[in-house]
1. Of all residues in segment 30-59 being of a type in the set (Asp, Glu) and modelled with pLDDT of 95 or more, which is surrounded by the most Cβ atoms within 10 Å (Cβ to Cβ)?
2. Mind listing just one residue for me: the one in segment 3-58 that is among the small types (Gly, Ala, Ser) and assigned to a helix (DSSP H, G or I) and, of those, farthest from LEU94 (Cα to Cα)?
3. Conditions first: (1) under 14 Å from GLU4 (Cα atoms); (2) small (Gly, Ala, Ser); (3) outside any helix (DSSP H, G or I). ALA62 passes all but one, so which condition is the exception?
4. Among the listed residues VAL96, VAL128, VAL116, VAL80, identify the single one that is among the β-branched types (Val, Ile, Thr) and in contact with a His (Cβ under 6 Å, 6 or more places away or on another chain).
5. Of the residues ALA92, ALA67, which single one is over 14 Å from VAL127 (Cβ atoms) and touching a residue at least 12 places away in the same chain (Cβ under 8 Å)?
6. Being aromatic (Phe, Trp, Tyr) and farther than 21 Å from ASP29 by Cα is the filter; apply it to segment 81-120 and report the residue that is surrounded by the most Cβ atoms within 10 Å (Cβ to Cβ).
7. Look at SER136 and say whether it is among the hydroxyl-bearing types (Ser, Thr, Tyr) and either under 16 Å from GLU7 (Cα atoms) or at pLDDT 95 or above (or both).
8. For segment 20-41, give me the residue count where each residue is touching a helix residue (DSSP H, G or I) at 6+ places or on another chain (Cβ under 6 Å) and either among the charged types (D, E, K, R) or more than 20 Å from VAL56 (Cβ to Cβ) (or both).
Amino acid sequence: MTHERIELFTDGGSRGNPGPAALGVYMRDLDSGKEYRIGKYLGHTTNNQAEYQALVVALEKAHSLGAHEVTCYLDSELVVKQMKGEYKVKDAGLRVHFEAIKELSKKFKKFSIHHVRREKNKEADAVVNEVLDRHSRT
């Protein structure tokens with residue numbers, strides 16, 4: 001079963017920046033309504049690293065599901081503006097993820113990325129916090 005149109009929300013967070021970090025992804029198939037949540041602990045890194053890695057993971061999942069159209073929503077203005085070419089990517093560590101996202105985006109017939117306010121990204125944010133809370137208890 002392919003999922004033609006997917007809407008995805010990603011978030012990354014680091015407690016301490018840098019500090020313990022995680023990524024969160026919330027995806028919705030616009031045709032079937034099926035939902036996916038992905039959370040991953042990233043170890044000690046920065047917010048920006050976590051934001052980028054969340055988008056990489058989400059696009060890899062969308063591609064594995066056979067998506068043709070992907071609409072991405074992030075509350076990281078930096079990542080969105082860098083992906084749209086409005087800001088340069090100066091950090092070498094972020095450039096690796098930037099290049100990976102550029103390549104992944106070519107695998108879809110339609111790809112768009114949009115900045116949203118934090119309150120519009122609650123699902124992905126909740127996944128990040130669940131992962132960080134779970135990890136801090138271990």
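The values are calculated or read from the model by the stated rules, or taken from the named source; none is laboratory data. This one's a predicted model, so the numbers in the text were calculated from it and none came from an experiment. Note that we place each Cβ from the backbone using ideal geometry, even for glycine, and neighbour counts take in every protein chain shown.
1. This residue is GLU51.
2. Of segment 3-58, the ones among the small types (Gly, Ala, Ser) are 12-14, 16, 19, 21-22, 24, 32-33, 39, 43, 50, 54, 58.
Next cut, assigned to a helix (DSSP H, G or I) only: 50, 54, 58.
On the way: ALA50: 10, ALA54: 12, ALA58: 16 Å.
Filtering segment 3-58 for residues that are among the small types (Gly, Ala, Ser) and assigned to a helix (DSSP H, G or I), the one farthest from LEU94 (Cα to Cα) comes out as ALA58.
3. Against the list (1) under 14 Å from GLU4 (Cα atoms); (2) small (Gly, Ala, Ser); (3) outside any helix (DSSP H, G or I), ALA62 comes up short only on (3).
4. VAL80 is the lone residue from the list that is among the β-branched types (Val, Ile, Thr) and in contact with a His (Cβ under 6 Å, 6 or more places away or on another chain).
5. Numbers: ALA92 fails: touching a residue at least 12 places away in the same chain (Cβ under 8 Å).
Result of the check over ALA92, ALA67: ALA67.
6. For segment 81-120, the residue satisfying everything is PHE98.
7. no
8. Adding up the residues that qualify gives 1.
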